[in-house]
Amino acid sequence: MNNGDNTAIFSTDIGVIALNGSVKIKILEFLKGGCRSFDEIVQHTGKAKSTISVHLNDLKTQNLLEEATDANDKRKKVYFLKCQYVACSQEPGMKHYSEMLDVIGSPEMDSFGCLKCLFHAVQYGFRAHGVNCDPIMRKIGNDVGASLSKNFVSNDMGSILDEMVTFWTDHEIGSFTVISKDPIKIAVHDFFDCRSIPIKEKTLCSFAQGVFEGVFKEKLGVECVMQMLGKCDENCDACHFQMIEL
């Protein structure tokens, strides 16, 4: 979430809020780990108490966080998130979007499937206009994973992964292999043809992350993150993830 001078976009109960202050973004990123005290926030940011107090009041006013009394010390306040990180700004780039539109306008589209091509065009379109939507795609992936889990009958990790491999193949979602079961490491080779479609940029890693996280939480009650191992680009043959339990 730490985007330097970029703008970060958050979803709240009252709508979407855009922030471009690095200190405010750093505070919200810190609160992703759970409820924090005022002193913890000051220590984490390295800023003066008066500065943090101003930022916290601004964030409360924008409905991005909430303040409560510390249950262990009534004299102190604690803070927690009331928002969802959904996107950030990035340098616009039309190249991959234009290439995807060319695929859609050619007979080549039939070999990949119209819906898959349109789905990729939406992804590239956001990036072309300066919006990195990886955060919200991961959240949507979580929701999709929770719903997909209703198709699986197993209740242990190994069997669920076996069911998912078959389900992905049968429904043409893509393919993945389990590299290790302790810890869980997964290589996603293709996800909605992200490696078959001839565009040299990968955009669906965050969505795949979310799907796995959603399935594991719903079926096993495991709060986890699927941490990406290494950088995913046009030169790699798979996106590698490792499950980190929270």
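So K24 fits all but one of (1) of a type in the set (K, R); (2) surrounded by fewer than 19 Cβ atoms within 10 Å (Cβ to Cβ); (3) not in a strand (DSSP E or B); what number is the exception?
(2)
Which one of these is surrounded by 13 or more Cβ atoms within 10 Å (Cβ to Cβ) and free of Cβ contacts under 8 Å to residues at least 12 places away in the same chain: M109, M100?
On the way: M100 fails: free of Cβ contacts under 8 Å to residues at least 12 places away in the same chain.
None of the others qualify; the one that does is M109.
Among the residues of the range 112-134, count how many are surrounded by 16 or more Cβ atoms within 10 Å (Cβ to Cβ) and assigned to a loop (DSSP other than H, G, I, E, B).
So the count comes out to 1.
Is it true that some residue in the range 91-106 is in contact with a Cys (Cβ under 8 Å, 6 or more places away or on another chain) and either under 30 Å from L65 (Cβ atoms) or not in a helix (DSSP H, G or I) (or both)?
Going residue by residue through the range 91-106, those that are in contact with a Cys (Cβ under 8 Å, 6 or more places away or on another chain) are 100, 103-104.
Going one step further and asking which of them are either under 30 Å from L65 (Cβ atoms) or not in a helix (DSSP H, G or I) (or both), we end up with none.
Among the residues of the range 91-106, not one is in contact with a Cys (Cβ under 8 Å, 6 or more places away or on another chain) and either under 30 Å from L65 (Cβ atoms) or not in a helix (DSSP H, G or I) (or both), which makes the answer no.
So, in the range 193-246, of the ones that are among the polar types (S, T, N, Q) and crowded, with 20+ Cβ neighbours inside 10 Å, which residue ends up modelled with the highest pLDDT? Before the answer, list the steps.
Going residue by residue through the range 193-246, those that are among the polar types (S, T, N, Q) are 196, 203, 206, 209, 227, 235, 242.
Then keep just the ones that are crowded, with 20+ Cβ neighbours inside 10 Å; that gives 203, 206, 209.
Details: T203: 60, S206: 86, Q209: 91.
Taking the candidates together, the pick is Q209.
For the range 45-82, which residues satisfy the criterion of being touching a strand residue (DSSP E or B) at 6+ places or on another chain (Cβ under 8 Å) and part of a helix (DSSP H, G or I)?
Listed by number, the residues that qualify are L56, L59, K60.
Take L19 and tell me if it is of a type in the set (A, V, I, L, M) and touching a Lys or Arg at 6+ places or on another chain (Cβ under 7 Å). Walk me through how you get there before you give the answer.
Details: of a type in the set (A, V, I, L, M): yes; touching a Lys or Arg at 6+ places or on another chain (Cβ under 7 Å): no.
No, not satisfied.
Any residue in the range 135-150 that is in contact (Cβ under 8 Å) with a residue 40 or more places away in the chain and not in a helix (DSSP H, G or I)?
No - not one qualifying residue is present in the range 135-150.
The values are calculated or read from the model by the stated rules, or taken from the named source; none is laboratory data. Model, not experiment: these values are computed from the prediction. Note that each Cβ is placed from the backbone with ideal geometry, even for glycine, and that neighbours are counted across all protein chains shown.
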